[in-house]
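A short worksheet on the structure shown next.
Any read-out appearing in this document is the output of simple, stated calculations on the displayed coordinates, not a laboratory observation. All values derive from a computational prediction rather than experimental measurement. As a convention, Cβ positions derive from the backbone with ideal geometry for all residues, glycine included, and neighbour counts pool all protein chains shown.
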Amino acid sequence: MAVHPSDEPTPDSGDALEDLLKQLSPTSRRTFLRRLASAGVTAALPATVLAETSPEPPKPAPSSSATPASVVPATLEVNGKSYPIEVEARTTLLDFLRESLGLTGSKKGCDHGQCGACTVLVNGRRINSCLTLAVMHEGDKITTVEGLAQDGQLSLLQDAFIRHDAFQCGFCTAGQLCSAAACLNEGHANSEGEIREWMSGNLCRCGAYPNIVAAIQEFHQQTPVAGQS
Amino acid sequence: MNNFAYVRANDVDSALALIRSRPKARFLAGGTNLLDLWKMGVEQPQTVIDISRLGLTDIAARPDGTGLRIGALARNSDVAGHPLVVNQYPVLSRALLSGASPQLRNAATVGGNLMQRTRCPYFYDPAFPSCNKRNPGSGCGALNGYNRNHAILGHSDQCIATNPSDMNVAMAALEAQIRVIGPDGERVIPMGEFHRLPEDHPELDTTLQPNELITAVDLPPMADTKHAVYLKVRDRSLYAFALVSVAACLAIENGVIGSARIALGGVAHKPWRVPEAEALMQGVSPDHSIFERVADRFLHGAYAYRYNRFKLTLARRSIVRALTVAAAAS
C-alpha cells in the first residue's frame, strides 16, 4: 500500500481493488483494511490489538510492583472517558489510542518523537504519544484532538486553524492543534518568534507554518489564557 | 520490536530488587530515548521497570546555601522553568531549553538525560554492521564513514561518537554531583567522572555500575550567575542537536576574572573540560586575546576526520564567542 497520510479512501488503479471497495462501500479505507485483516487476507494484525483478539486469556497482571508481565491491565482516562483495558506492555500510547480506542486523530508520522504528529496532552502537558507506553498512564488524564471539540462544536483554536488555512494535507494538524493548545496554556505565544520556537516540535511538510503561526497568534490575541502572565 | 515484561516499581528499594532479579532489565523513566532505541532494535529489554512513579521529582535548595538538589525524575521542562534554576543556574535552564522540543522536554527526565546515548547513526541504526558501542568488536562505522557530527577530542580508534546532551554540558560546567544508589548503598559521582571516554570500551557510556539507579543531581552554589552563557551552534536555529556547544560560567569581580568553568559539547564522548585552559583566565581582565589563548589551549590535541574538520574552527570560534558574551553580560 502506498503511504498516504489521508484517512479517506484514495483512488487506486487496481480494478480488483476498486471492485472490492465498491462491494464494501460505504466504507473508509481503514474499515476496509480491517475487514481484510479479519478475513485473513492480510497476515499481520497490529500488535496492539492482540490483547483483545488473543485466543488465550491474558495472564493475571501485576496489580502493583509484584510480577512483571507482558500483558497488563490499566485504566486510562481519555477525553473524559474511562477505559479499563488490558494491553501488551509494549503498546505505545499512540498505538493504544489509534488501534484499541479507534481515536485515529493522533497520527503516526515518524514514530520516533521527531515530527510531533502524535502529540497529545497528558494532564494538560503535551508529549509525544509514540515515545511512551500506554500502561505508564494509569490515572492520567489524556486529551487527544478528538477531545478539543466539545459537543460537536469545534474549539476556538480549531476554528482559527480553519480560518487561517493552517494546513494543506492535514496529517500534522492533530499534533499541531494539541501542541498549540499547550503552547498557549504555557504562555509561550506572545510573539511570532516565540510561537515558532515553542512549536518547533511539530513539523509540517506542506510548509503551512506561516498560517499555523497566524492562527495561534490570532487566538492568543483574542482569548486571554489562564496561567499566562 | 521485541515484547517485554513490564512492572511498575513503587519505591526505590523495589526498583533495585527488580533490576537485580531480572536479566536484561531496563529502568524506564521518560522513555524518550529507551523506547526510541527499542524501536530501532538497539535496545532489546526483556523486562522494563517503570520508575516514573518513584517520586524523586523535587527541585529544592539544600540547607545552609549549599546549592540545589534536583530529583532524578524531574522533567527537563520542570527543571528549565523552576525559579531556583532560572535565577541561580541560568546556564542550566538555557541549555535545557535549547535541547529537543517542548513535548520531549515534558517527558524526558534529568536522570534519563544523563543516560542519553549517542546519536551516531552507525550506533542508532542496526542496519550498519559496524559499531563497537552497539556490538563490541564489530568496528567503528563512523571512522571512515560519514563522520560530520563526530568527535574531535578524546576519541579512540574504537569510537568517535559524541554525547548528544545539552544538559550534560551545563552540568559539567556547574560541576554537578550525581547521586546514585545501588546494591552497595549510596554514592556520589562527580559530573566530570560520570561519563567516560570511549578508549577500548565504547560500549560503556558512563561509570554507573550495573543495577545502580540515579536518584538526584546536586548543584553547588554559583558565585556569579550573571556571567554565564550557553551557546549552541547547530544546522538550523531550533530542534537540532549541537554541532558545537559551549557552557561558560565566569566569576568576575571588579573587572577581574576570579574563576572560569567552561564545558564543550558536541566534540567528544563526554562534555569536554580543560582545567589548564580555565586556569589561564584566573586573575586576568577579560579580553579577546586571552579568550583566544583559552580556546587554543582548550582544543590542544584536537583531531578531526574527513567530514568534521569544520569543527576545529567552529569550536575555537564558539569558545571565544561564548566567553566574549559571558564577560560582557551585565
In nanometres, what is the gap between the two model label sites at A:Leu154 and B:Met40, each 7 Å from Cα along Cα-to-Cβ? 3.9
Express as a percent, rounded to the nearest 5, the fraction of DSSP beta bridges in the protein assembly as shown (both residues included) that run antiparallel. 85
Contact order normalised by length for segment A:114-229, with contacts defined as Cα pairs under 8 Å and 6 or more residues apart; what percent is it? 32
Membrane-span-like helices in chain B: DSSP H runs reaching 24 Å or more (Cα, own axis), mean Kyte hydropathy at least -1.0? B:310-328
Compare the Cα positions of B:Leu68, B:Leu299, B:Ile257 along the charge dipole of chain B (+1 at Cβ of Lys, Arg; -1 at Cβ of Asp, Glu; about the Cα centre) and return the one farthest towards the positive end. B:Leu299
Here the gain from full extension of B:Arg148 to B:Asn254, 0.36 nm per residue of separation minus their alpha-carbon distance, amounts to 34.0 nm
Place a +1 charge on the Cβ of each Lys and Arg in segment B:5-53 and a -1 charge on the Cβ of each Asp and Glu, then give the dipole magnitude about the Cα centre in debye, rounded to the nearest 20. 120
Modelling each spin label as a point 7 Å along the Cα-to-Cβ direction, I'd like the B:Ser130/B:Ser330 distance in nm, to one decimal. 5.5
Ellipsoid semi-axes in whole angstrom, largest first, where each is sqrt(5λ) of the Cα gyration tensor of chain B: 32, 25, 16
At a threshold of 8 angstrom on Cα-Cα distance, excluding pairs fewer than six apart, so keeping six or more, what relative contact order does segment B:266-330 reach in percent? 34
Report, in whole Å, the centroid distance computed from the Cα atoms of segment B:279-330 and segment B:94-164. 24
I need the phi-derived Karplus couplings for segment B:145-150: 6.51 cos²θ - 1.76 cosθ + 1.60, θ = phi - 60°, integer Hz, Gly and Pro marked x. x, 7, 10, 4, 9, 9
If you project the alpha carbons of the protein assembly as shown onto their three principal axes, what span does each projection cover, largest first, in Å? 83, 56, 51
Candidate lysines for bridging to A:Lys81, where Cα separation is under 29 Å - those fewer than 8 sequence places away on the same chain excluded: A:Lys59, A:Lys107, A:Lys108, A:Lys141
C-alpha center-to-center spacing [segment B:61-89, segment A:84-146] in angstrom: 29
Can you work out the FRET efficiency for the pair B:Thr225 and B:Arg317, with r the C-beta to C-beta distance and R0 = 22 Å, to the nearest 0.05? 0.30
Using a simple spin-label model with points 7 Å from Cα along the Cα→Cβ vector, what separation in nm is obtained for B:Asn2 and B:Arg293? 5.5
Treating the beta-carbon of each Lys and Arg as +1 and of each Asp and Glu as -1, no other charges, what is the dipole magnitude of segment A:156-222 about its Cα centre, to the nearest 20 debye? 200
